[in-house]
Every structure is written in C-alpha cells, then in structure tokens.
Amino acid sequence: MPFGNTLPTMQVTFLGTTGWYDTVAGNTCSVLVRSEEYDIIFDAGNGIAKADRYISQDKPVFLFISHFHIDHISGLHTLVKFRLKKGLTICGQPGTREILDRIITEPYTVPFDQVPFRVGFIELNEGVHTLPFTVECRPLIHPAPCFGYRLEIDGKVIAYCTDTGVCDNAVTLGRNADLLITECGLLPGEESPGWPHLNPENAIQIAKDAQAHRLALMHFGAINYPTVESRLGLAAQFEKEFKNLIVATDDLTIDI
C-alpha cells in the first residue's frame, strides 16, 4: 500500500527479495517496516530505491545493515534521491561506519555527508538495545560477519535473519515472533556448508523451533530461483509443513 493511503496497522513491504544480483524476479535485499512513529528498513540492496513509493519521508528512518556483501548495501548509492525530513540512522555491527564510508564516497557515489538529509550511525554490539525501540542483535553463520535482528515495536515482534546457515541464534531471534523473515538461498534439500545459506526445510525448522507465528522466505538465490514462478512453487510444496508460510516477492506488503 503506497504511503498516500491510510495505514491500518504495522506493515512490512518486501522491497527486494533476491540474493546475489538483480534478476527478472526481483531486486536485491531490502525490507521496509512501517510502524506508527518510525520507518525501519532491513538491508540496503537495490530494492531500497523503491522505499519512497511507500513512505511519506516525514518520519525518522532507521536502516539496519546485516553485513557488507554487495547485495545488501548496493542500494546505498541511491540515497541521494530521498528527502528524509527527519534523517536516517544507519545501524550495524562494530565497524559499520568505517566500512561504509570507504564505499559510499567519491569517486563511486555521493558521500553520506553530501546527501540532502542528516545521516547518523549507531554501531551495535551483540545484545539488546533501546534505540528508542527495542532491537536485539545476534551473530549469524556466514562467511562474512553478519548480524540478525529482532525488532520489538508497537507491541509486535519482527525478526530478520539473513544471510545465515542453520544456527541457534536464528532461533533465539525468532522466538515467538509475529513475523520471522529468513533467507532461502538454497533449493529444497540442497546444502552448502562452505558458504552457509538456508534451504526451505532449514528455514521452516528454525521457525518451528522458535515457535514463530509466521515465516517469510526471501533472499532467493539468483541462480536457484531465477523467476517468480520458481519461488512461488515453494508455497504449495511446503504449506503442510508450516501453515503460515509466506513466499515473499518484490513489493509484497503484509499487515502485522
């Protein structure tokens, strides 16, 4: 639902649902959470460029970066198009500002201090933080250091766990969540111990162990899931395994 319409409740919009690189099925990873007082975004793949279709730009915006693989930060070069009246706060693991300052700068793109709104940074250690809403950060299993997040706001809980292999922290973050968002980089039955990602069965088991209310799959591998149809088949294949399974597609919006 675009920002011009009445917001009935908290909403989550999947701005980009593809892992690695953009395909005809969608942009790289970004998820928007619209709450009463804040607009919150997980990751800044190319999908983040569509955020202004859904937000008024009148609220403070918080952006949580999971890790620094290009498909999770490539959309930062589009920040200059936005007019965020109450600014942007970028949150991530220790070292986030130093790493991003080396990338979001000349001669590659417009630096943070030259975009037309305030950009601030908050670097988070593992644990629970009040930002002014509550967020919990835990390391996931991935070749690069990667944080998963648990957001508690407006009486709701949303967990975001990508990129990762199977790990206890994904269950911890997703415990009793209203919505658990995980990656699904691998095909059913596929394993990738050298470069950890989840297959649908892994993601469903994490959701079951966490007793999450709903599970949304995203970060579909660009090669494994090249079309929307190749992804949507998972819903029918696994609906009996987890009845509240959502196969996310770009621009899908769900009420929480």
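Give me the three principal axis extents of region 105-256 from the C-alpha atoms, as integers in angstrom, largest value leading.
Answer, in whole Å and largest first: 48, 38, 32 Å.
For residue 124, what residues show an amide H to amide H distance below 5 Å, using hydrogens built from the backbone and excluding near sequence neighbours?
92, 93
Cα-based count: Lys pairs in the chain below 23 Å, eight or more positions apart or different chains?
Here the count comes out as 12.
Taking only Cα atoms and a 10 Å spring cutoff, compute GNM fluctuations for the chain and point out the largest among 66, 35, 192.
Between 66, 35, 192, it is 192 that shows the largest mean-square fluctuation.
For region 1-148, give the percent of accessible area contributed by carbon and sulfur heavy atoms, probe 1.4 Å, rounded to a whole number.
Values: 3250 of 6120 Å².
Taking all protein chains in place, region 1-148 shows 53 percent carbon and sulfur surface.
Read phi for every residue in region 51-66 and hand back ³J(HN,Hα) as whole Hz from Karplus 6.51 cos²θ - 1.76 cosθ + 1.60, θ = phi - 60°, with x for Gly and Pro.
4, 6, 6, 10, 10, 7, 6, 9, 9, x, 10, 10, 10, 9, 9, 6
Run the dipole for region 115-215 about the Cα centre, Lys and Arg Cβ at +1, Asp and Glu Cβ at -1, nothing else charged, and hand back the magnitude in debye, nearest 20.
Details: 7 positive and 13 negative charges, 60 e Å.
So the magnitude is around 300 debye.
Please report, in cubic angstrom per residue, the volume enclosed by the convex hull of the alpha-carbon atoms of region 1-137. Intermediate results must be reported in sequence, preceding the final value.
Details: hull volume 14.9 nm³, N = 137.
That works out to 109 Å³ per residue.
Need the full-extension length gain, residue 106 to residue 53, defined as separation in residues times 0.36 nm minus the C-alpha distance. One decimal, nm. Spell out each step's value before the answer.
Values: separation 53, 0.36 × 53 = 19.08 nm, distance 2.74 nm.
Contour length minus the Cα-Cα distance gives 16.3 nm.
Suppose all protein chains stay in the model; what accessible area per residue would a 1.4 Å probe give for the chain, in Å²?
On the way: 10490 Å² over 256 residues.
Per residue, the chain has an accessible area of 41 Å².
Let me understand region 128-173 better: what is its radius of gyration from the alpha carbons, and its Dmax, in angstrom?
Spelled out, the Cα radius of gyration and Dmax of region 128-173 are 10.8, 34 Å.
Roughly how many Å is it from the Cα centre of region 90-123 to that of region 159-203, as a whole number?
Going from one Cα centre to the other spans 28 Å.
Determine the share of region 196-256's accessible area contributed by carbon and sulfur atoms, expressed in whole percent, with a 1.4 angstrom probe.
Details: 1330 of 2690 Å².
After summing per-atom areas, the C and S share lands at 49 percent.
Determine the relative contact order of the chain: mean sequence separation of Cα pairs under 8 Å and six or more apart, normalised by residue count, in whole percent. Intermediate results must be reported in sequence, preceding the final value.
Working: 629 pairs, mean separation 46.4, N = 256.
This gives 18 percent for the chain.
Using C-alpha positions alone, give me the convex hull volume of the chain per residue in cubic angstrom. Can you show the working numbers first?
Numbers: hull volume 29.8 nm³, N = 256.
Output value, Cα hull per residue: 116 Å³.
Using the Cα atoms as the points, what is the convex hull volume per residue of region 140-206 in Å³?
Cα convex hull per residue, to the nearest whole number: 70 Å³.
In angstroms, what radius of gyration and Dmax does region 68-129 have, counting Cα atoms only?
12.0, 37
The values are calculated or read from the model by the stated rules, or taken from the named source; none is laboratory data. A quick note: this is a predicted structure, and the numbers were derived from the prediction, not measured. FYI the Cβ positions are ideal-geometry reconstructions off the backbone, even for glycines, and counts take in every protein chain you see. Quick note on the areas: whole protein, heavy atoms, side chains included, nothing else; ligands and nucleic acids left out. Shrake-Rupley method; radii C 1.70, N 1.55, O 1.52, S 1.80 Å.
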